[in-house]
1. Just checking: which of the strands (runs of 3 or more DSSP E) contained wholly in segment 74-191 hold 1 or more residues that are farther than 30 Å from ARG208 by Cβ and modelled with pLDDT under 95?
2. Among (1) of a type in the set (Phe, Trp, Tyr); (2) within 25 Å of GLN372 (Cα to Cα); (3) free of Cβ contacts under 8 Å to residues at least 40 places away in the same chain, there is one condition TYR158 misses while meeting the rest; what is its number?
3. Given (1) at pLDDT 95 or above; (2) surrounded by fewer than 16 Cβ atoms within 10 Å (Cβ to Cβ), identify the lone condition not met by GLY277.
4. What pairs come out if I take residues in segment 417-431 that are within 15 Å of ARG278 (Cα to Cα) and without any contact (Cβ under 8 Å) to a residue 24 or more places away in the chain and pair them with residues that are among the aromatic types (Phe, Trp, Tyr) and surrounded by fewer than 17 Cβ atoms within 10 Å (Cβ to Cβ) whose C-beta lies under 9 Å away, six or more apart or interchain?
5. If you check PHE155, PHE180, PHE159, which single one turns out to be surrounded by fewer than 24 Cβ atoms within 10 Å (Cβ to Cβ), closer than 18 Å to ALA36 by Cβ, under 21 Å from the mean Cα position of the chain (by Cα) and among the hydrophobic types (A, V, I, L, M, F, W, C)?
6. Please work out which residue is surrounded by the fewest Cβ atoms within 10 Å (Cβ to Cβ), limiting yourself to segment 192-214 and to residues that are assigned to a loop (DSSP other than H, G, I, E, B), more than 20 Å from the chain's Cα centre (by Cα) and not β-branched (Val, Ile, Thr).
7. Give all pairs with beta carbons closer than 6 Å in which a residue from segment 263-292 that is farther than 24 Å from ALA412 by Cβ meets a residue that is in a strand (DSSP E or B) and of a type in the set (S, T, N, Q); count only pairs at least 6 apart in sequence or on separate chains.
Amino acid sequence: MMYRFGAFLPPLLLATAATAQTAASPAANEYPAAAAGDGATTNGYNLSRWAEDWRVMQDPAKRDDPLDRLKFLPLDDDGDVYLTLSGEARLRVNMTSNPNLRETSHQRQDITRLVGGADLHVGPHLRLYGEVAHGGIAGRNLGTPSTSLRNDLVFQQYFVEAKGDVAGVALGARYGRQEFTDGSNLLTSQRDNNTIRYTLNGVRAWARTSHFRVDLFDLKPTAYGDLGVDDDVNDPARRFSGVTLGAVLPSTLFGGSKLYFDPFFWRRRNDVGAWGGRIGPATRFYGGARLWGDVGPLALDWTVNHQWGHYRDQQIDAWQAFIAQTYRIGDGSTAPRVGVHVDYASGGGGYGDGKLRNAYAPFGNNIYYSYQLSLTPSNLIAVAPNVSFTPVGKVRVTAEYELAWRDDVRDAIYRANGQPFAGTQNVRDRKTADVARLQVIWPITPRLSFTGRYEHLAAGPALTNAGYRSSDFLAGWLSFRF
């Protein structure tokens, strides 16, 4: 069962998992599925369930139990038209001391996720996918839960996809509500930490050969209500569009490697952008590239991007760099790994001082920096050594110690929702926090897993001198998928 262990090393573990995917092998002229921008598939499972390929279950000898039968339900004699059913149930508890880093009573969140999906394949060129989800929450000191935590019923995804080969080039297009993860998950992510996942609406189209690809997209985020399916709409204020390229680099590089290079050019429009208590229209362009994959025992994931455009009457001039790598000590997927990630997100100008230099990720994976979502790649410098090992059976343990500073002490510290910790812009200390984290993942069966997380965020003077406090976070959940 695959999760974004990305609490610590999401890009690296995804890159590593990509080498171990077990879905049906693609045709020789297809771009590698693990690098096509749909996430990694491990033991048949992907975070985006439509990216899974269960044609192997057409053979009764490959099925282990009745649920395997649901993965391939033929609707014609030849099996060209078939249905794949999927589902997930996740039961989770979060405990947080000093929520929002304020000295107050602890928060407990009892969270339930239920998801059901159906993937209809009509021959090799057409498919229709639909997915419904429910998010429930109870507990203590909850405040007003967001619609990504509490939602009675959501049409989480629904789209139609058409594809085919023309002169040896695989062409395809997907239209409707969909998850989008083409790039570093620090920039684009389904945000699996949420109960209701992050989705967008529109079109994504691609052309792929065995070694090159181009993906085009034009999407609007889903603005969720919190009741039924009638109040979930395309967000009229935001739009995300662009192009991502991809190339499989020669395997002979560095004496043997499996590397991918993905340049990208994106645009994000937001009519209600917010910085420093001001709200106004923003158009932000992203130009950058990602290099990721394996070089022998070294797994790396490097992304650099420059951001420009305008926010209200300010020009945007910002940078991000995400540099992560781990080294496998020994052979096999359970071998220990040591690594470090160094991340830079420029800051400054959030309160109207000259150019806006605060970097901003379109919809990235913020738990990479803080389980309790207290940090985000805006006005941030972070260095985090880490180690991952398997102490017993299939139990995987990852430990990390992160040191975080501000890039610009005249600007605020920003949390995962993009809002500032009010008052930090008036404090001139640079040190933000030290964050110690531990994660345990136990794949009990191929379908059932347990995940536990602990974090201690030791607030630095940039927070404490503005009235904020240290905090502890503890979470655990069971997830069952088929």
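1. Numbers: elements: 81-96, 107-122, 126-140, 151-166, 169-178.
In segment 74-191, 151-166 are the strands (runs of 3 or more DSSP E) which contain 1 or more residues that are farther than 30 Å from ARG208 by Cβ and modelled with pLDDT under 95.
2. (2)
3. Unmet for GLY277, out of (1) at pLDDT 95 or above; (2) surrounded by fewer than 16 Cβ atoms within 10 Å (Cβ to Cβ): (1).
4. none
5. It is PHE159.
6. Just the residues of segment 192-214 that are assigned to a loop (DSSP other than H, G, I, E, B), to begin with: 192-199, 209-211.
Now restrict to residues that are more than 20 Å from the chain's Cα centre (by Cα): 209-211.
Imposing the further condition that a residue be not β-branched (Val, Ile, Thr) reduces the set to 210-211.
Values: SER210: 15, HIS211: 13.
Top of the filtered list is HIS211.
7. PHE264/THR244; ARG267/SER241; GLY288/ASN305; ARG290/THR303
Every residue, every condition in (1) of a type in the set (S, T, N, Q); (2) under 18 Å from PHE482 (Cα atoms); (3) surrounded by 14 or more Cβ atoms within 10 Å (Cβ to Cβ), yes or no:
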{"residue": "LEU83", "(1), (2), (3)": "no, yes, yes"}
{"residue": "ALA89", "(1), (2), (3)": "no, yes, yes"}
{"residue": "ASN94", "(1), (2), (3)": "yes, no, yes"}
{"residue": "PRO99", "(1), (2), (3)": "no, no, yes"}
{"residue": "THR112", "(1), (2), (3)": "yes, yes, yes"}
{"residue": "ALA118", "(1), (2), (3)": "no, yes, yes"}
{"residue": "VAL122", "(1), (2), (3)": "no, no, yes"}
{"residue": "SER148", "(1), (2), (3)": "yes, no, yes"}
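The values are calculated or read from the model by the stated rules, or taken from the named source; none is laboratory data. The shown structure was predicted, so the numbers you read here are calculated from the model rather than taken from an experiment. Cβ coordinates were reconstructed from backbone atoms using ideal geometry, including for glycine residues, and neighbour counts include every protein chain displayed.
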